[in-house]
Every structure is written in C-alpha cells, then in structure tokens.
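Engineer: Structure provided below as structure tokens; questions to follow.
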Amino acid sequence: MLDLLLVLLASSPALAETPPEDPWLWLEDVEGEQALDWARERNEVSGALAEAPGFTELKDRLRAVYDSSEKIPYVTKIGSSYYNLWRDADHPRGLWRRTSLESYRTDAPEWETVLDVDALGKTEEVGWVWGGADCLAPEYRRCLVELSRGGSDATVMREFDAVDKAFVEGGFDLPEAKLGASWVDIDTLYVGTDFGEGSLTDSGYARTSRLWKRGTDIAAAPTAYEGEASDVWAGVRYDDTPGFERAVAVRATTFYSSTVGLLGPKGVLPIDKPDDANATLWKEWLLLELRSDFSVGKETFPAGSLIAAPLKLWMKGKKKPTPLFIPSDTTSLVRMATTKDHLVLNTLDTVKSRIEVLTPGKKAWARAPLAGAPANGRVTVRAVDSRDSNAYWMTTTDFVTPSTLWWGEIGAEPTALKQLPSFFDATGLAVSQHMATSKDGTKIPYFQVAREGLAMDGSHPTLLYGYGGFEISLQPSYSATRGIGWLEAGGVYTVANIRGGGEFGPRWHQAALKDKRHRAYEDFAAVAADLVARGVTTPERLGAMGGSNGGLLIGNMYTLYPEHFGALVCKVPLLDMRRYSKLLAGASWMGEYGDPDVPEQWAYIQTFSPYHNLDLSRAHPPMLITTSTRDDRVHPGHARKMAAKLLEADKDVLYYENIEGGHGGSANNEQAAYGAALDYAFLWKTLMPAPAPEPPATEAPTE
C-alpha cells in the first residue's frame, strides 16, 4: 500500500502545488482510507440500480456472453504454436494456452495450458491480470511475461520458460513499474523501468534504458540511452529481423513527436525525419507516416501520407522517397501491417475500410486490393508471422454482423476460420450513415443503428457515443454488450465521428487540438441536434456515453450543452484539466490539450475543463460517473472530485468506482458485466422512466 502511494506521489508530485481553494483535493489520494470510504459510500447509492427490474437478468446474460466458449479465441503465433489468453467462468483471470494451426482450424481445438493466471494469483495472494508476453526468437522458449495488480498499467515482468511452463528460477525479474524490455539475446535485455530518482519522465514512464546482462545487478547495468524528464518516454527496442538486426533508440518528446536513431558503439546515429512523423523500420526500408506536410527536394507530400525509402540511402542523405499512400478529402491511413514480403495498408474512405497490398520491386512498388476483403463494414488485417511468411489474419465485422476471423495467404482467397454467434437478436436492424453540420459548417459523419422503417416521431430512446481525440477512429464494430443492453430492447445507437479523431487523417485530428478543442464538442452537439431535427429522438430521450478522453467529452456535454441530453454516462474520465498534467500519465497528453501551467494555454484549457467550467445555476441532465481505483493512466481523482462537487450542489449524479480494473474499468468478466449492466440500467431508468402509477379510482360521492 505504502509503495503504491509513493509511486503515485513520484509521478504526481504536486499535491502541495495545487491552489488551496480545491476542497476535494483529498480525493486524489488513490488508496487513502478517507477517499476509499467516500467511494464505497457512493457505490452503495449507485448500487440501487442493481435493484432495477431486469438488472440481474441483464448482468447474468452479459456475464454468460463474456464467459462463452463460443467467443473467437484470437491467437498469436509464437514459434510453431498459436497462443491465446482465455477467460471464462472457471478462469476469470485467464489461461495462457496454445495449440497448433491444424488443431486451431477445427471447431474444437485441443489447447495446452501454459500458465493459469488464476492459480498463480491464488498461490501468491495477488489479483494478477495478464499483461502479455514477449518470447525470444528463434526458439521462442524464453518469454518475458507481464502481470499487473488489478489491471493497472504498471506491471511486474518475469522470465518464463514456455517449454517447462514455469518461471525461470533466478531469471530476469523486474518489480512493479510502467516498464518495458526488449530481448537482445538469451542473456541480454534492454530495460526501461523505475531505476530510482531521476529515472522517470514527468509522465511517469521510463526516461533511461539500460543494457542488462543475466546474473548481474540491474542497478549496476550501464545506461545505453536516455531522454529528458520532459519527454513522454525514452527507450531502446532491439529489432531481431534476420539480416537486419539493430538497436533502435526512441525519444517520444511529446505524444505526437519523436526522435529515432540507430544505437551503435559510438552512440546514436539519428534518422532524419520530421519531428511529428511516425517512423517504422521494415527490413531495408524506412517508412514514414506524416502528420504534417513534408517537402523533399521539389516534391511536397501532404499530411496523412505514407512514404518509403531505402534506409541506407536515406542515412547517406540520398532522399528519394516513394509515396505509398496519399490521402484525399475522404480517405485516411488507419494502420499498416508487414508480412515477410508485403506491406498491407488498412485505409478508410468516409469511415469505411479499404485494404490494399503493396509489394516492393526493383524499380517500383506494386499494389493491389487484398483478395477476398469485403467492401463494407470494418476490416482489420494483421500478419500471422511477419518474419517468415505472407500469411495474415483478417477480421471482418459491422454493427449487426458478428465478427468473423479469416486466415489467408497474400495472393489467394482467404478462408473463414471462426465466427462469433449472434449474441443478440439483430432482426430488422439497419445501419445507415448521416451527416450533421457543425457550428463552423463542417460536415460531421455519424453512424446510426436502428429498426428498419424507424418512425421519425421523436419517440426513440437514443444513445450517442463519441471519443474525438488522439487521432483514434471510431469504426463499425459488433458488440454483444451494446446489442443486449440497448439495441435488442428497442434503443437507437449512434456513433459520432467528430474532429479530434483520425477518421480523415491528421487534419481531422489537428482540427481539434489544444485551443481548437471546442470543435470536437461543437461537432458532438451538432450530431445530437441533428438526431432531434431528423425526428429520431428528443433531448429528453437522448443519452450520451464516452470514456477516457471520451469522458472529457461527456463532461463538456454536461457543462456546455446540457440542454441537448436527457442522460450522460461518463467513464474513466479526465475532468480537472487544471491538474491533469500532474496526475499519473497526464503530462504525456499535453500535446493533445496543452500545458495548464502556461497562463496563455490555461486561458483556453479552462474553457473545456468541466471541473472548472460548471455553472451550477443551469439545469443539467442526470449523469453516471464511473472509474477504477486501479486506473493508473487516468487518475480516479478526476471522477471522484467531479462527483463530489456535483453532489454538494445537489445535482442528480451517481458514482461508481470499481476497486480493480485499470483503465479498462474491470479485471474480470463479473466486474465487466456488472459495470455494463449499471450503465444500461441507468440509461433506461433515466431516458424511459416507468410511468407513474394511476391513482386509485374513487367512487363518485353520493347525495
């Protein structure tokens, strides 16, 4: 308990720096007894929602889905085996298990358990949550396994033997921190972690990377690379691609800028690139994703482009990049994947997936659509094994079609391997796309899922979801939670592709950065107004939901546009934008929001800080605020303090804090089911309240 608090204070050093006028500062003491007692009292109040008709049935049905053996067991190829982390009713924390490709192709694969996370937690009396594994090629026997307490971002890392299925006695072992490590060879790691005073950035991540040899004291390991305290993080990753082995040093100077170089005996040889460009090294190629216009010679590549160049020539100053993707007004690059010989681009055209395969040749890059990729819905592609094959996994889905997992080889038609069952009744549901007009005239697309032939009479309970930040695109996806909790019961579901996201590339994101942040909120309000104008719903029957940066969005709907909504669900939110940069990972997001300690920037930040921008004289819709004690990314103090402030003002607000869960809000399926049921119970109760009972009939008076 004390150690955790010390880590918190180290990454959030400014309790004493906060102006004394904040009466709720004590709620930032994450595991302080007074703060936890306050949270437990609020949980008792919000727990009354669990008494609502149908709550238990909804929670149990969601839990059954989360525990279902019919879920797709997505796998990662490690060596010759295919690994999966599986959670169900008997294994709420998960089984790390493996099978062969031949067995995986069958309807009932034979799984071999490698690590039982539940059993480990019981033995060690710690609520471990799986954090992933990195196994050393080419044997893939030794792995670095990460585990977190309750789902936090901070993890412990231990060396594990995948053949013996046991932790290595005397092996590499790192204590809890927001850490990272990369194999160099069986006896050597590059490690970034909390090495003590001065070793972390202001954001709480590693500032230095050390070269750690097996059997030596990590405290004596030499520093291989270091950044500045003001960086988001700095570290070294070892690229073990055969024939292209190299140590790559990275400084993330802000969330959207970085320096990259090759680490050698004489230090770091920088790779010349725009500060805000993402650099990927793929065998002999340098790939640059541009966030701003970039000129090379007489040619200018617009923001949102992907360009490629031979790394050796680039390092020698011979810069003749090849454009691999140039955005249009409606298209953007979402992600890319590399197989042994190909580059697969996942792009969007008006928020609809397009997949293209690019192949480098002696004189030019060839390009072609991915065979068998559907033209509608959401499509994602990832390599099966980027080192040794051109096989790929493809997942296809949309709002009403269960996800399907495909296996394919580039150049041939893919084969469907697994499909989710229909966890909810989607009969009669139709998906449509619409455009709202924001305050400045910009057209904002949004998706709508509703019954076919929907009567435009304003009678429909409607849920609007949004995010609008960090260049993250909201695309169609199948959700049993949403389907069971909302759509099946007759609700209309909508997703707003507001600015701040990446739906139309960097320009869409940058249009709502820092002092332009208000545009994201104007966009969301415009979609809300459009739903009413089209006759889908009314403000009284319109709810909105968002989490993390989306929780900040919901907080601003509460303070700036309360008249648009009948209910709001605000999950793991940022809300105190005066303090956010001093709390946990908050300093890493100043590239998104600005620095509140700079007066000129605080002048605009305070206009979208819900905690400071609250007019208590206005009417506000009921709101449910949820968070997790173990969220060490967005500090639970944001949610706690906002709820306390609103409760003191006698506003209609409910608060729920899960004691575990991390930034995702839950550590196991039972917690996830309860949290989701709570959200939907609140929305239905608020947006569609039960009619008041008729007064008892009275007999007419007799003379």
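Engineer: When only residues in region 140-178 that are touching a residue at least 60 places away in the same chain (Cβ under 8 Å) and of a type in the set (S, T, N, Q) count, which is farthest from residue 30 (Cα to Cα)?
Structural biologist: Here the residue is 148.
Engineer: Follow-up question, since we're still on this one. Need the failing condition index for residue 373 against (1) of a type outside the set (Lys, Arg); (2) at pLDDT below 95; (3) within 26 Å of residue 481 (Cβ to Cβ), just the number.
Structural biologist: Every condition holds for residue 373 apart from (3).
Engineer: Let me ask something else about it. Restrict the check to region 453-468 and report whether at least one residue is of a type outside the set (Val, Ile, Thr), buried (at least 22 other Cβ atoms within 10 Å of the Cβ), within 20 Å of residue 327 (Cβ to Cβ) and in contact (Cβ under 8 Å) with a residue 12 or more places away in the chain.
Structural biologist: yes
Engineer: Quick check on residue 378: is it surrounded by 14 or more Cβ atoms within 10 Å (Cβ to Cβ) and either β-branched (Val, Ile, Thr) or closer than 23 Å to residue 308 by Cβ (or both)?
Structural biologist: No: the conditions fail for residue 378.
Engineer: Please identify the pairs in which a residue from region 319-342 that is basic (Lys, Arg) has its Cβ atom under 7 Å from the Cβ atom of a residue that is in a loop (DSSP other than H, G, I, E, B), counting only partners at least 6 apart or on another chain.
Structural biologist: Going by the 7 Å Cβ cut-off, the qualifying pairs are 340/386; 340/387; 340/388; 340/389; 340/390.
Here's the yes/no breakdown for (1) in contact with an Asp or Glu (Cβ under 8 Å, 6 or more places away or on another chain); (2) polar (S, T, N, Q); (3) surrounded by fewer than 23 Cβ atoms within 10 Å (Cβ to Cβ):
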site	(1), (2), (3)
527	no, no, no
539	yes, no, yes
551	no, no, no
557	no, no, no
574	no, no, no
599	no, no, yes
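Engineer: Going through region 442-457 one residue at a time, which ones are under 10 Å from residue 523 (Cα atoms) and part of a loop (DSSP other than H, G, I, E, B)?
Structural biologist: The answer is 442, and nothing else.
Engineer: Return the residue satisfying two criteria in turn: it lies in region 413-452 and is over 18 Å from residue 501 (Cα atoms) and of a type in the set (Lys, Arg), and of such residues it is surrounded by the most Cβ atoms within 10 Å (Cβ to Cβ).
Structural biologist: 418
Engineer: Please go through region 35-85 and give me each residue that is buried (at least 20 other Cβ atoms within 10 Å of the Cβ), under 28 Å from residue 425 (Cα atoms) and of a type in the set (Phe, Trp, Tyr), ordered by number.
Structural biologist: 66
Engineer: Moving on. Show the residue pairs that are 6+ apart or on different chains and have beta-carbon atoms under 7 Å apart, the first residue being within region 269-293 and assigned to a loop (DSSP other than H, G, I, E, B), the second being modelled with pLDDT of 95 or more and acidic (Asp, Glu).
Structural biologist: Pairs found: 277/289; 291/276; 292/276.
Engineer: Related question: Surrounded by fewer than 22 Cβ atoms within 10 Å (Cβ to Cβ), touching a helix residue (DSSP H, G or I) at 6+ places or on another chain (Cβ under 9 Å) and closer than 15 Å to residue 429 by Cβ: is that true of residue 489 in this structure?
Structural biologist: yes
Engineer: Next question, about the same structure. Yes or no: region 188-196 includes at least one residue that is more than 22 Å from residue 587 (Cα to Cα), in a loop (DSSP other than H, G, I, E, B), without any contact (Cβ under 8 Å) to a residue 60 or more places away in the chain and not acidic (Asp, Glu).
Structural biologist: No, that holds for no residue.
Engineer: Out of curiosity, is residue 587 surrounded by 22 or more Cβ atoms within 10 Å (Cβ to Cβ) and over 27 Å from residue 676 (Cα atoms)?
Structural biologist: It is true that residue 587 is surrounded by 22 or more Cβ atoms within 10 Å (Cβ to Cβ) and over 27 Å from residue 676 (Cα atoms).
Engineer: For region 53-133, please list each of the strands (runs of 3 or more DSSP E) lying entirely inside it that holds at least 2 residues being more than 27 Å from residue 177 (Cα to Cα), of a type outside the set (Asp, Glu) and at pLDDT 95 or above.
Structural biologist: Hits in region 53-133: 81-88, 91-99.
Engineer: Looking only at region 227-245, count every residue that is surrounded by 20 or more Cβ atoms within 10 Å (Cβ to Cβ) and acidic (Asp, Glu) and tell me the total.
Structural biologist: 1
Engineer: Name the pairs: first residue in region 199-219 and at positive phi, second residue of a type outside the set (Asp, Glu), Cβ to Cβ under 7 Å, at least 6 apart or on different chains?
Structural biologist: Once the first residue is at positive phi and sits in region 199-219, its partners that are of a type outside the set (Asp, Glu) give 204/11; 204/178; 204/584; 204/585.
Engineer: Could you list, ordered by first residue, the pairs with Cβ atoms under 6 Å in which the first is in region 601-618 and assigned by TED's automatic domain parsing to the domain that holds residue 554 and the second is of a type in the set (Gly, Ala, Ser), at least 6 apart or interchain?
Structural biologist: Note: pairs meeting the criteria are 601/594; 605/594; 610/555; 616/649.
Engineer: Another one. Would you call residue 300 modelled with pLDDT of 95 or more and either part of a loop (DSSP other than H, G, I, E, B) or surrounded by 14 or more Cβ atoms within 10 Å (Cβ to Cβ) (or both)?
Structural biologist: No: the conditions fail for residue 300.
Engineer: Something else: List every residue pair whose Cβ atoms sit under 6 Å apart, with the two residues 6 or more apart in sequence or on different chains, where the first one lies in region 113-136 and is free of Cβ contacts under 8 Å to residues at least 60 places away in the same chain and the second, anywhere, is of a type in the set (Val, Ile, Thr) and assigned to a strand (DSSP E or B).
Structural biologist: Note: pairs meeting the criteria are 131/155; 133/145; 135/78.
Engineer: If residue 198 satisfies all but one of (1) surrounded by fewer than 18 Cβ atoms within 10 Å (Cβ to Cβ); (2) touching a Leu at 6+ places or on another chain (Cβ under 8 Å); (3) at pLDDT below 95; (4) not charged (D, E, K, R), what's the number of the condition it fails?
Structural biologist: Only one criterion is unmet by residue 198, namely (2).
Engineer: State all residues of region 347-374 that are within 21 Å of residue 289 (Cβ to Cβ) and either of a type in the set (D, E, K, R) or not assigned by TED's automatic domain parsing to the domain that holds residue 413 (or both); if no residue qualifies, say none.
Structural biologist: Listed by number, the residues that qualify are 349, 352, 354, 356, 367.
Engineer: For the condition modelled with pLDDT of 85 or more, surrounded by 24 or more Cβ atoms within 10 Å (Cβ to Cβ) and either outside the structural domain of residue 54 (by TED's automatic domain parsing) or in a helix (DSSP H, G or I) (or both), what is the one hit in 677, 673, 644?
Structural biologist: Answer to the selection: 677.
Engineer: Right, next: Somewhere in region 305-312, is a residue under 30 Å from residue 581 (Cα atoms) and either of a type in the set (A, V, I, L, M) or touching a residue at least 12 places away in the same chain (Cβ under 8 Å) (or both)?
Structural biologist: No, region 305-312 contains no residue that is under 30 Å from residue 581 (Cα atoms) and either of a type in the set (A, V, I, L, M) or touching a residue at least 12 places away in the same chain (Cβ under 8 Å) (or both).
Engineer: State the number of residues belonging to region 482-539 that are more than 20 Å from the chain's Cα centre (by Cα) and in a loop (DSSP other than H, G, I, E, B).
Structural biologist: Number satisfying all stated conditions: 10.
Engineer: Can I ask one more? Take the conditions assigned to a strand (DSSP E or B) and either modelled with pLDDT of 95 or more or not β-branched (Val, Ile, Thr) (or both) and apply them to residue 337. Does it pass?
Structural biologist: Answer is yes for this residue.
Engineer: Which condition from (1) assigned to a loop (DSSP other than H, G, I, E, B); (2) under 27 Å from residue 513 (Cα atoms) is the one that residue 591 breaks?
Structural biologist: Condition not satisfied by residue 591: (1).
The values are calculated or read from the model by the stated rules, or taken from the named source; none is laboratory data. What you are looking at is a predicted structure, and each value in this text was computed from that prediction instead of being measured. FYI the Cβ positions are ideal-geometry reconstructions off the backbone, even for glycines, and counts take in every protein chain you see.
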